[in-house]
Amino acid sequence: MAMRNMGKQEAYLPEQIQKYRDGSDPDNYPNVNHLKWLLESGSGFQHQHNLSIQGGNATTSYNLSVGYRNQEGMTAKTSNERMTALFTMKSEIAKGLMLNLNINAYNNKYNAPNGEPQSIDGMIGYAVRQGPIYAGQKSDGSFGYQDNYSPEAWLASESFVQNVSRNISASGQLTWNTPVDGLSFYR
């Protein structure tokens with residue numbers, strides 16, 4: 001309508017506009033919400049499990065805790081899996097001599113498509129700016145592109161990031177409460 005008001009030819013014919021509206025030719029007249037498609041491609045399902053055991057006697061107490069968490073991303077092929085373990089012990093090993101021990105460990109595995117610029121965040125950013133007139137995956141298997149980029153193409157690629165991080169830390173403290181009132185030594 002704006003072009004007609006300026007005395008020029010319309011940019012799109014009514015038949016072309018109708019094809020965008022009704023989706024009858026999605027390869028040539030797409031109407032794709034790339035961000036919605038990307039964010040609905042994964043399940044977002046997550047589950048977490050923890051188990052703790054506590055015990056002891058008059059001179060020793062301990063706590064052992066292990067955990068597992070699995071998060072499937074809101075985008076397909078994105079996930080995070082984490083396992084944790086914690087052990088604490090407090091023990092009077094001799095009269096006035098206390099031992100505190102703490103051990104903490106985790107293993108974390110993160111998987112995501114290797115989008116531009118190198119992360120799922122970049123893929124989401126490009127999906128926001130990818131106009132709906134650019135096709136996702138076409139019927140022949142090719143992809144519609146804007147600036148040589150397609151969220152659908154990146155998600156279908158073989159390029160993925162897998163970050164694995166592991167850590168174990170431990171600390172111990174030996175405390176001697178001397179016979180002198182208020183005097184203690186720590187090591």
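Miscellaneous remarks
- Label zone (L51, point 7 Å along Cα-to-C-beta; backbone nitrogen cut-off 20 Å) within the range 87-106: 87-89, 103-106.
- Karplus-derived 3J(HN,Hα), 6.51/-1.76/1.60, for each residue of the range 151-158, Hz, glycine and proline x: x, 5, 5, 5, 5, 7, 6, 8
- For the range 1-76, a simple Cβ point-charge model (Lys and Arg +1, Asp and Glu -1, everything else neutral) yields a dipole of about 240 debye relative to the Cα centre.
- The helix-based estimate of mean residue ellipticity at 222 nm for the chain, built from -39,500 (n - 2.57) per DSSP H run of four or more residues and divided by its residue count, is -4500 deg cm²/dmol to the nearest 500.
- Candidates Q71, Q48, Q130, ranked by Gaussian network fluctuation over the chain, Cα under 10 Å, top entry: Q48
- The range 1-98 - convex hull of the alpha-carbon atoms, volume per residue in Å³: 169
- Here the chain is scanned for GluC sites (Glu not before Pro) in DSSP loops (not H, G, I, E, B) that have at most 14 other Cβ atoms within 10 Å, and the longest stretch holding none of them is 41-157.
- Phi to ³J(HN,Hα) by Karplus 6.51 cos²θ - 1.76 cosθ + 1.60 over the range 41-49, Hz, x for Gly, Pro: 7, x, 8, x, 6, 9, 9, 9, 9
- Choice from D121, D147, D25 with maximal GNM fluctuation in the chain (Cα, 10 Å cutoff): D147
- Charged-residue dipole, Cβ positions (Lys, Arg, Asp, Glu), the chain about Cα centre, Debye nearest 20: 680
- Among P26, S61, F87 the positive-end extreme of the charge dipole of the range 5-89 (Cβ point charges): S61
- Along its three principal directions, the equivalent ellipsoid of the range 78-150 from the Cα gyration tensor extends over semi-axes of 55, 11, 7 Å, largest first.
- Cα-Cα P(r), the chain, percent of pairs per 5 Å interval: 1, 7, 10, 11, 10, 8, 8, 7, 6, 6, 5, 5, 4, 3, 3, 2, 2, 1, 1, 0, 0
- Less than 5 angstrom separates the built amide H of T75 from those of G42, all sequence-distant by 5 or more or on a different chain.
- Coarse-grained scattering of the range 50-104 at q = 0.16, 0.17, 0.19, 0.29 Å⁻¹, given as base-10 log I(q)/I(0) from a Debye sum over alpha-carbon atoms: -0.60, -0.64, -0.71, -1.06
- Cα-centre dipole for the range 96-176 with unit charges at Cβ (Lys and Arg positive, Asp and Glu negative), debye to 20: 340
- Degrees separating the helix 120-129 axis from the principal Cα axis of the chain, which is the longest one: 30
- Dipole-positive endmost among G73, S150, G42 within the chain (Cβ charges, Cα centre): G73
- In sequence order, the range 66-79 has phi-based couplings of 10, x, 9, 9, 10, 10, 8, x, 5, 9, 4, 6, 10, 7 Hz under the Karplus curve 6.51 cos²θ - 1.76 cosθ + 1.60, θ = phi - 60°, and Gly or Pro positions carry x.
Values in this text are rule-based calculations from the coordinates and carry no lab data. All figures in this text were calculated on a predicted structure; none of them were measured in a lab. For neighbour counting, all protein chains shown are included, and Cβ atoms are generated from backbone atoms with ideal geometry for every residue, glycine included.
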